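Heads up: the structure comes next, in structure tokens.
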Amino acid sequence: MNARLVCRIATILLLPAVLSGCGVMAAPCRVGSAVIKMVPVVGHVAALPTDACAAVIDP
């Protein structure tokens with residue numbers, strides 16, 4: 001294998017380890033939670049699972 005391919009594979013394999021616990025990974029959960037919270041009356045209750053998702057990814 002050539003060095004360029006090895007470098008690409010290493011980058012792909014190491015990227016999750018570098019981004020773990022990062023706000024970038026939790027962004028979809030946080031954005032989804034913000035959208036759900038805009039629903040009147042039940043929004044905050046309905047957003048609890050997405051808040052929990054974001055808390056687990058980025059404590």
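The values are calculated or read from the model by the stated rules, or taken from the named source; none is laboratory data. Keep in mind the model is a prediction, meaning the values are calculated, not measured. Calculation scope for accessible area: heavy atoms of the full protein, side chains included, ligands and nucleic acids excluded. Shrake-Rupley method; radii C 1.70, N 1.55, O 1.52, S 1.80 Å.
Values computed for the structure shown
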{"quantity": "Residue-normalised accessible area of the chain, given per residue in Å² at a 1.4 Å probe", "calculated": "76 Å²"}
{"quantity": "The chain: calculated mean residue ellipticity at 222 nm from DSSP helix runs of at least 4, using -39500 (n - 2.57)", "calculated": "-24000 deg cm²/dmol"}
{"quantity": "Folded to 0 to 90 degrees: helix 23-37 orientation relative to the chain principal axis, Cα", "calculated": "20 degrees"}
{"quantity": "Structure-derived P(r) over Cα pairs in 10 Å bins from 0, in percent - corresponding label in (1) 21, 53, 18, 7, 1; (2) 23, 32, 21, 15, 7, 2; (3) 23, 56, 21, 1", "calculated": "(2)"}
{"quantity": "Carbon + sulfur, % of accessible area of the chain - ligands and nucleic acids excluded, 1.4 Å", "calculated": "77 percent"}
